[in-house]
Amino acid sequence: MTKSGPLLPASTDPFFTTEGDTYLPGLACRGPWDPASLSGSAIFSLLAWHIEQNFGSDDYLPARLTVDMYRLPGFSPVTIETRVVRDGYRIKVIDAEFISEGQSMARATCQLLRRTENSAIEVWKPEPWHVPMPENISATDPGLGAGSTRERKPVYGAMGKFGKKAMWLRDTRLFCDDKPATPYVRVAQVADFTNPWSNSGDGGLGYINSDVTLYLHRYSVDDWLGMEVVNHQATDGIAIGQCLIHDRAGCIGISTVTGLAQKKPAPGPAAASPQIAEESDRP
């Protein structure tokens, strides 16, 4: 088993720092649509981090996390408000709300399931993903994503090209204060990549996602995660995208997004404040 790699020299600053119960976003949280706003990855992974830190345990797996992202938050301090919807023996459900500048910017629902034993029945599943491991791929791809510390090793296809795509990714930056991302948050950090990976084509990325849902049946064995595009559909400016998420031992989950057609502003003064549906809205 390959262990997590060392932090890169440029990755000393974490994505978030804390002051009491408040999270302060760092520059690595910058999004691709507006340099003054946070990325979907930052929003999704912070909600995952907060839920895991406050409600996670070894007995339960956060098997599903859905985040609706309906406003585009800037770099103001963030608070997370949570509510326990269900605290059962086998199923726990947690709601969390992402608050910035006194407004709700996103909301999450997480379902944590108790770990037991697999059923004895035999069930069909897809064949394993037979691709080169990341250490055997020398090429790198800058692609689209959160910051220069996300390493990308293309398996096939490429950003800005038509065709099916697959890539290995890992984030090496500290996540919050002096703490690295947990195995759960490592997957959450790449889940939002489903949008640029599945909803981009020969002209680049034409959709901004309004949500992300991550399904897991286990954590990854190390920090490399494979993102394999398995679906993209679009009608009337509304798109869906889906990726299988792999580690070197097999498929660990699925991530899905819904997107709205979106044009990235041309370079220049207007690029700092893109005109999207409403000034305070994400899509």
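With Cα atoms as the point set, region 26-149 shows a radius of gyration and Dmax of 18.3, 52 Å. Judged by the gyration tensor of its Cα atoms, with axes a ≥ b ≥ c, region 89-204 is oblate; a/c meets the 1.5 cut and b/c is at least as large as a/b. In this structure the amide hydrogen of Gln262, modeled in the peptide plane, comes within under 5 Å of the amide hydrogens of Tyr207, Ile208, none closer than 5 places in sequence on its chain. Summing charges over all other residues whose Cβ lies under 12 Å from the Cβ of Asp58, with Lys and Arg as +1 and Asp and Glu as -1, gives 0.
In terms of its C-alpha gyration tensor, region 78-120 has a prolate overall shape, because the principal axis ratio a/c (a ≥ b ≥ c, square roots of the eigenvalues) is not below 1.5 and a/b outweighs b/c. Among the trypsin sites (Lys or Arg not before Pro) found in region 151-254, those both in a DSSP coil and sparsely packed, with 12 or fewer other Cβ atoms within 10 Å of their Cβ, are Lys161, Lys164.
Local charge for Ala96 was computed over the other residues whose Cβ lies under 9 Å away, with Lys and Arg +1 and Asp and Glu -1, and equals -1. Close amide H pairs (under 5 Å, H built 1.01 Å from N) link Gly31 with Ser37, Leu38, Ser39, residues at least 5 positions away or on another chain. The Rg/Rh ratio for the chain, using Cα coordinates for both the radius of gyration and the Kirkwood hydrodynamic radius, is 0.94. Pairs of lysines in the chain whose Cα atoms sit within less than 30 Å of one another amount to 23, provided the residues are eight or more positions apart or on different chains. Computed over neighbours whose Cβ is under 10 Å from that of Ala249, the net charge equals 0, Lys and Arg +1, Asp and Glu -1.
Readers should treat all values here as calculations from the given coordinates under stated rules, not as data from a laboratory. Worth saying up front: this structure is predicted, and the values here are computed from it rather than measured. No Cβ is skipped: glycine too gets one built from the backbone with ideal geometry, and neighbour counts run over all protein chains shown.
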